[in-house]
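Take a look at the structure below.
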Amino acid sequence: MQRMQIWPERFRKFFLNNKFVVFLLVLLLIGLNVLVFARIPFIFIPLSVLLHTVALPVILSGVAYYLLNPLVDRLERKSKVKRAYGIVILYLLIIGVITVILLTVIPIIKGQLMDLIDNFPRYSAQIQEEISDLTGSRLFDQLQQSMGADVSSLTTRVSEWLTTFLRNALTGVGSLVGTLTEIILGIVTTPFILFYMLRDGKRFPDYILHMVPTALKPQTRMVMSEMNQQISSYIRGQIIVSCCIGALLYIGYLIIGLKYSLVLAIVAACTAVVPYLGPAIAITPALVVALVTSPFMLLKMIMVWTAVQLIEGKFISPQIMGKTLKIHPITIIFVIVFAGKMFGVVGIILAVPGYAVLKVVVTHIFQWFRFRSGLYDSSQDGKEQP
């Protein structure tokens, strides 16, 4: 009888209290789950279709919710107006602002875009001529011989890549109609989803907590609060920073006299929602326009861009964004690249807030496991077996 009691004690001592063995068991369970789900992918097809259908309106409504919810709260608190009426008033104000933008700003943007499209063949020919002059110079020949590069083969590869790209683009024109239909439906349904999110958003955490065990409710409430704080601070801060970048670039482009200043500033503001990679994408059209204008304009454009990036990095972002996300810049770059490779443009946009939410959940799960398991108790270090 005593031997039968010794074996469970030894099993617990040598296996359950061994961190490496527990880690291997956790990996084994994760691997078994992945294997099982990989064998039955057809079960997730309806779920995939559902997520694909509701993803766009839900994302748009979520972004608008974090932007407008503080205004609705303040309107409800200050003016004692019922929340539903406050939302309707806010909708009317937004419709008025959009109408003013459509009547004033859109014609300017349309004129600059049409001018850019009309002049694009001339810009392309001018860039090709400058490249041809550069490749035909004696300095370039000497540089090519010293580096051992074959420009003709490089040009052939580039032309083949462009041909393949255009062929794929023409092939994808058929699916463009379906994509536009989904976008239009998402935009149309967003105001209705947003209305109910603004009206009943505060009840959502309590609704989730009803399904959580009583012992886990405090921890779950803390996790949801941190997730909400991370998402709200990122969305509001990033949009404010993007608008500031667009405004500063527009002012700078107007000062130096760069063509299509409003369109280029709007492109920069839209791409600035992606940290680190967005500015690199936005500077490309501005470089092309400045290059075909004059070398001096190119120099002035680079000076304006550098000044705006310094102001954004040293003053705007630290004041607005702060250190709320607490994510290292290298980690942000890796997350954006990985999400873009996996999920495309949507993944690039949602990479940072998604990682911030995942980090909160994983951190709390690890803290719960660390507290409940006792495997990380420093008082047991001398008792554990290798």
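Figure the gain on full extension for Val188 and Ile94 (residue separation times 0.36 nm, minus the Cα-Cα span) and round it to one decimal in nm. List each step's numbers first, then the result.
Working: separation 94, 0.36 × 94 = 33.84 nm, distance 1.50 nm.
So the chain would gain 32.3 nm between Val188 and Ile94.
What Kirkwood Rh does segment 38-106 have if only Cα atoms enter the pairwise 1/r average? Answer in Å. Walk me through the intermediate numbers first.
Values: mean 1/r = 0.0661 Å⁻¹.
After inverting the mean inverse Cα-Cα distance, the result is 15.1 Å.
Provide the gained length on full extension for the span Leu27 to Ile208, in nm with one decimal, where the gain is 0.36 nm per separating residue minus the Cα-Cα distance. Present the calculation step by step, with values, prior to reporting the outcome.
Details: separation 181, 0.36 × 181 = 65.16 nm, distance 2.93 nm.
Residue separation times 0.36 nm, minus the Cα-Cα distance, leaves 62.2 nm.
Determine the sum of side-chain charges near Leu262: Lys and Arg each +1, Asp and Glu each -1, restricted to other residues whose C-beta is under 12 angstrom from that of Leu262.
Details: positive: Lys110, Lys259; negative: Asp115.
Here the charged neighbours net out to +1.
As a quick test, which of the pairs Lys82/Lys110; Lys110/Lys341; Lys217/Lys314; Lys217/Lys359; Lys78/Lys202 have an alpha carbon distance above 29 angstrom in this structure? Don't skip to the end; give the middle numbers.
Values: Lys82/Lys110 40 Å; Lys110/Lys341 33 Å; Lys217/Lys314 41 Å; Lys217/Lys359 19 Å; Lys78/Lys202 18 Å.
Among Lys82/Lys110; Lys110/Lys341; Lys217/Lys314; Lys217/Lys359; Lys78/Lys202, the Cα-Cα distance tops 29 Å for Lys82/Lys110; Lys110/Lys341; Lys217/Lys314.
Just to verify a number: what accessible area does Val346 come out at with the full protein assembly present, 1.4 Å probe, Å² rounded to tens?
That residue has around 80 Å² of solvent-accessible surface.
From the phi of every residue in segment 62-67, what ³J(HN,Hα) in whole Hz does the Karplus formula 6.51 cos²θ - 1.76 cosθ + 1.60 yield, where θ is phi - 60° and glycine or proline is x?
These are the phi-based 3J(HN,Hα) values: x, 4, 5, 4, 5, 7 Hz.
Before I look further, what does segment 237-348 give for accessible area per residue, probe 1.4 Å, in whole square angstrom? Each step should come with its number before you reach the end.
Values: 6030 Å² over 112 residues.
Value returned for segment 237-348: 54 Å² of accessible area per residue.
Got a sec to turn the phi values of segment 241-250 into Karplus ³J(HN,Hα) couplings, 6.51 cos²θ - 1.76 cosθ + 1.60 with θ = phi - 60°, whole Hz, x for Gly and Pro?
Calculated HN-Hα couplings, in order: 4, 5, 5, 5, 4, x, 5, 5, 5, 5 Hz.
Pick out, in residue order, every one of the trypsin sites (Lys or Arg not before Pro) in segment 17-92 that is DSSP loop and has at most 13 other C-beta atoms within 10 Å; say none if there are none. The partial results should precede the final answer.
Working: sites: Lys19, Arg39, Arg74, Arg77, Lys78, Lys80, Lys82, Arg83; in loops: Lys80, Lys82.
Listed in order of number, the matching sites are Lys80, Lys82.
For segment 190-331, compute Rg over Rh where Rg is the Cα radius of gyration and Rh is the Kirkwood radius from the inverse mean 1/r over Cα pairs. It would help to have the intermediate numbers written out before the result.
On the way: Rg = 20.6 Å, Rh = 17.8 Å.
With Rh from the inverse mean 1/r over Cα pairs, Rg/Rh is 1.16.
Which length gain, in nm to one decimal place, applies between Lys80 and Phe42 when the Cα-Cα distance is subtracted from 0.36 nm times their residue separation? Kindly include the intermediate steps, with their values, before the conclusion.
Working: separation 38, 0.36 × 38 = 13.68 nm, distance 5.16 nm.
So the extension gain works out to 8.5 nm.
Taking segment 182-278, which chymotrypsin sites (Phe, Trp or Tyr not before Pro) meet the DSSP loop condition and have no more than 16 other C-beta atoms within 10 Å? Kindly include the intermediate steps, with their values, before the conclusion.
Working: sites: Phe192, Phe195, Tyr196, Tyr207, Tyr234, Tyr250, Tyr253, Tyr260, Tyr276; in loops: Tyr260, Tyr276.
Those satisfying the criteria are Tyr276.
With r as the distance between the Cβ atoms of Ile333 and Ile311 and R0 = 30 Å, compute the FRET efficiency 1/(1 + (r/R0)^6) and round to 0.05. Write down the numbers at each step before the final one.
Details: r = 22 Å, r/R0 = 0.72.
That gives a FRET efficiency of 0.85.
For Leu350, put the label point 7 Å out on the Cα→Cβ axis and report which residues of segment 226-245 keep their amide N under 12 Å from it.
none
Please report how far the C-alpha centroid of segment 29-80 lies from that of segment 223-278, rounded to the nearest whole angstrom.
Rounded to whole Å, the Cα centres lie 24 Å apart.
Over the Cα atoms of segment 247-293, what is the Rg over Rh ratio if Rh follows Kirkwood?
Values: Rg = 10.2 Å, Rh = 10.6 Å.
On the Cα set of segment 247-293, Rg over Rh gives 0.96.
The values are calculated or read from the model by the stated rules, or taken from the named source; none is laboratory data. Quantities reported herein were computed from a predicted structural model and do not represent experimental measurements. Cβ: placed from backbone, ideal geometry, glycine included. Neighbour counts: every protein chain shown. The accessibility values were calculated without ligands, DNA or RNA, using every heavy atom of the protein model including side chains. Shrake-Rupley method; radii C 1.70, N 1.55, O 1.52, S 1.80 Å.
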